[in-house]
Amino acid sequence: MRDQYRALYDNFRWHVPRDFNIAEVCCRRWSQETTRIALHYEDESGAHSSFTYAALQADANRLSNALQSLGVRRGERAAIVLPQRPETAIAHMAVYQMGAVAMPLSLLFGPDALEYRLQDSEAVVAIVDATAVASIDEVQARCPDLRDLIVVGKTGAGGLPHEWSTLLTGHSDFFAPVPTFADDAALLIYTSGTTGPPKGALMPHRALIGNLPGFVASHNWFPQAGDVFWSPADWAWTGGLMDALLPTMYFGFPIVGYRGRFGAERAFELMQRHGVTNAFLFPTALKMMMKAVPEPRAKYQLKLRSLMSAGEAVGETVFDWCRDALGVTVNEMFGQTEMNYIVGNSHQKWVARAGSMGRPYPGHRVAVIDENANAVPPGEVGEVAIHRRDIHDESDPVFFLEYWRNASATRNKFSGDWCRTGDLASADDDGYLWYQGRADDMFKAAGYRIGPSEIENCLVKHPAVANAAVVPKPDAERGALVKAFVVLTAGYAASAALIEELQLHVRGKLAPYEYPKEIEFIEELPMTTTGKVQRRVLREMEQRRASKTA
């Protein structure tokens, strides 16, 4: 294969219109073709149906009219607490075409996580799956800006909270979209951090354009005739929304939506049933599939032609299995909510090297820099950063606008025009990046981005906990497990029962993937002379333990 990377990268130019709206390019323009399929939907009960772009647009129009009647105005935040289901896509399109700001929230969030985000964003309405209503009810009284609740999946005759179907029935399927600029805010996505509460990354409409080169490249020049996309990634996260749902709809192709728990054999069944050609699967999911069905093509008829993976390193074993057993070379990708899809592979255009993050995608000027924002030589470790302007000195549209009402955090994200990722890597002579870890205490567990601060704060709310520190524990299946070191309050004794109680405490208030799978009681935490917990000491101790066990 001839390496086409340099020509593709050097000749790429951005074309960002002044006026741009995600709903217009992802749904409205395709809705004129009345039979074009947007979504194949299934749930765990076996129910399945398909939806056209025209049907989604008609309901988006009804919802926009309904939201306007409830007083939702341009720039106001609308929380979307929904899983993979048609109403999620409809809600996003409705909010964007109003000029309002969508704030996706995971169904996995417990009351504390929901309360903080609803309060901080000053969301005025929440569109909620029926399974999450109890958590919203628990916190709504403490969210004074939250005026209305729209429940999806609830049976009944409307009223308060509003029932989705009843509410939409009373409104017209015609809506005149509000004009927006490419730089106008479209999304507010909260990201975990190492200190303090999560930060809201405010994303403009143009960020979708910034994602497209990487999406196209990582899926071997998507779209091609007959392409069908699927990913189990939650549409409430950047990975599901910006790496799957929105770019697929931008090109007017069908995506598979599945509401239910991930299972290896079910994943193969879904791909076979819908003729999935392009998929985004986390390394953890690929490991589960590899172990459950070592020879998938002997059991399933698959049409897979591209596979992207992100969140953590795939590893050589899984990389080889995908190539040999699935017949597809994995294109690994790297990005963040604040500037997504910036580095990766496209194996049909340039060689994908197992374990590498890849090369900067066309349109993105990426470097490995030192503390003074100078590029380090090949082979040396530095921080991955992306410049505001590309190699042609044009603005890169991929960037977030700001951290919501947090000017200092926004400033600290940048060194001049370089936006720092917090991820350490080295670059080889060919420009491939190789991941080396985090510059801070963030880590990934089973594909989820974990910020220790929110978990530690939750633990400390329990009367038995005097102090806590959360670090990753190396794990072959998930990459890492969430582990908590806990200093007990005087009068409490360590026990298996207390461990379970603390785990349930966190699980009930945050998200299931955040609760500590392991808790170790400790007399005191390692601290700096200024009183800051040294998570690094604990992290390195866990790494040494894992090495000895191996």
Members of segment 225-267 that are within 23 Å of residue 358 (Cα to Cα) and either small (Gly, Ala, Ser) or surrounded by fewer than 22 Cβ atoms within 10 Å (Cβ to Cβ) (or both): 231, 233, 237, 239, 240, 244
Is it true that residue 402 is over 14 Å from residue 434 (Cβ atoms) and acidic (Asp, Glu)? yes
How many residues are over 14 Å from residue 426 (Cβ atoms), surrounded by fewer than 24 Cβ atoms within 10 Å (Cβ to Cβ) and not charged (D, E, K, R) when one looks only at segment 344-360? 6
Between residues in segment 36-54 that are closer than 13 Å to residue 273 by Cα and residues that are in a strand (DSSP E or B) and modelled with pLDDT under 95, which pairs lie under 6 Å by C-beta distance while being six or more apart or on different chains? 42/48
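For every residue, the table says whether it meets (1) within 20 Å of residue 210 (Cα to Cα); (2) modelled with pLDDT under 95; (3) polar (S, T, N, Q).
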{"site": "386", "(1), (2), (3)": "yes, no, no"}
{"site": "428", "(1), (2), (3)": "no, no, no"}
{"site": "432", "(1), (2), (3)": "no, no, no"}
{"site": "435", "(1), (2), (3)": "no, yes, no"}
{"site": "445", "(1), (2), (3)": "no, yes, no"}
{"site": "448", "(1), (2), (3)": "no, yes, no"}
{"site": "453", "(1), (2), (3)": "no, yes, yes"}
{"site": "459", "(1), (2), (3)": "no, yes, no"}
Looking only at residues in segment 239-288 that are more than 17 Å from residue 219 (Cα to Cα) and polar (S, T, N, Q), which one is modelled with the lowest pLDDT? 284
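Restricting attention to segment 120-133, does a residue exist that is open to solvent by 60 Å² or more (accessible area, probe 1.4 Å), more than 24 Å from residue 202 (Cα to Cα) and either of a type outside the set (S, T, N, Q) or assigned to a loop (DSSP other than H, G, I, E, B) (or both)? Full working, then the answer.
The first filter runs over segment 120-133 and keeps only residues open to solvent by 60 Å² or more (accessible area, probe 1.4 Å), leaving 122, 131.
Remaining after also requiring more than 24 Å from residue 202 (Cα to Cα): 131.
Then drop every residue that is not either of a type outside the set (S, T, N, Q) or assigned to a loop (DSSP other than H, G, I, E, B) (or both), which leaves none.
No, segment 120-133 has no match at all.
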When you scan segment 272-313, how many residues do you find that are among the charged types (D, E, K, R) and in contact with a Pro (Cβ under 9 Å, 6 or more places away or on another chain)? 1
Picked from segment 272-306 (must be in a helix (DSSP H, G or I) and among the polar types (S, T, N, Q)), the residue most open to solvent (accessible area, probe 1.4 Å) is 272
Please tell me if residue 332 is of a type outside the set (Val, Ile, Thr), modelled with pLDDT of 95 or more, closer than 21 Å to residue 9 by Cα and crowded, with 24+ Cβ neighbours inside 10 Å. yes
Can you pull out every residue in segment 160-180 that is surrounded by 14 or more Cβ atoms within 10 Å (Cβ to Cβ) and among the aromatic types (Phe, Trp, Tyr)? 164, 175
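Looking only at segment 361-405, count how many residues are buried (at least 18 other Cβ atoms within 10 Å of the Cβ) and either farther than 20 Å from residue 346 by Cα or out of contact with any helix residue (DSSP H, G or I) (no Cβ under 7 Å at 6 or more places or on another chain) (or both). Steps first, answer last, please.
Residues of segment 361-405 buried (at least 18 other Cβ atoms within 10 Å of the Cβ): 361-369, 382-387, 390, 396-404.
Retained after the next criterion (residues that are either farther than 20 Å from residue 346 by Cα or out of contact with any helix residue (DSSP H, G or I) (no Cβ under 7 Å at 6 or more places or on another chain) (or both)): 364-369, 382-387, 390, 396-397, 399-404.
So the count comes out to 21.
So that you can scan it fast, the table gives a plain yes or no per residue for (1) among the hydroxyl-bearing types (Ser, Thr, Tyr); (2) open to solvent by 10 Å² or more (accessible area, probe 1.4 Å); (3) over 18 Å from residue 515 (Cβ atoms):
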{"position": "417", "(1), (2), (3)": "no, yes, yes"}
{"position": "438", "(1), (2), (3)": "no, yes, yes"}
{"position": "449", "(1), (2), (3)": "no, yes, no"}
{"position": "452", "(1), (2), (3)": "no, no, no"}
{"position": "462", "(1), (2), (3)": "no, yes, no"}
{"position": "483", "(1), (2), (3)": "no, no, no"}
Taking segment 505-520 and the residues there that are open to solvent by 40 Å² or more (accessible area, probe 1.4 Å) and touching a Phe, Trp or Tyr at 6+ places or on another chain (Cβ under 8 Å), the one that is nearest to residue 473 (Cα to Cα) would be 520
From 451, 479, which residue is closer than 30 Å to residue 548 by Cα and in contact with a Ser or Thr (Cβ under 6 Å, 6 or more places away or on another chain)? 451
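Check every one of the helices (runs of 4 or more DSSP H) wholly within segment 1-103 and list those with 2 or more residues that are closer than 22 Å to residue 204 by Cβ and touching a strand residue (DSSP E or B) at 6+ places or on another chain (Cβ under 7 Å). So that I can check it myself, show each step before the final result.
On the way: elements: 5-11, 53-69, 86-98.
The qualifying helices (runs of 4 or more DSSP H) are 86-98.
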How do the pairs read when you match residues in segment 243-266 that are in a loop (DSSP other than H, G, I, E, B) with residues anywhere that are buried (at least 20 other Cβ atoms within 10 Å of the Cβ) and among the small types (Gly, Ala, Ser), using Cβ under 7 Å and keeping only pairs 6 or more apart or on different chains? 254/38; 262/285
Residue identified as open to solvent by less than 40 Å² (accessible area, probe 1.4 Å) and over 27 Å from residue 40 (Cβ atoms) among 138, 76, 115: 115
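The values are calculated or read from the model by the stated rules, or taken from the named source; none is laboratory data. Note that the structure is a prediction, hence the values are computed from the model and not measured. Cβ coordinates were reconstructed from backbone atoms using ideal geometry, including for glycine residues, and neighbour counts include every protein chain displayed. Accessible surface is based on the protein model in full, side chains and every heavy atom, while ligands, DNA and RNA are left aside. Shrake-Rupley method; radii C 1.70, N 1.55, O 1.52, S 1.80 Å.
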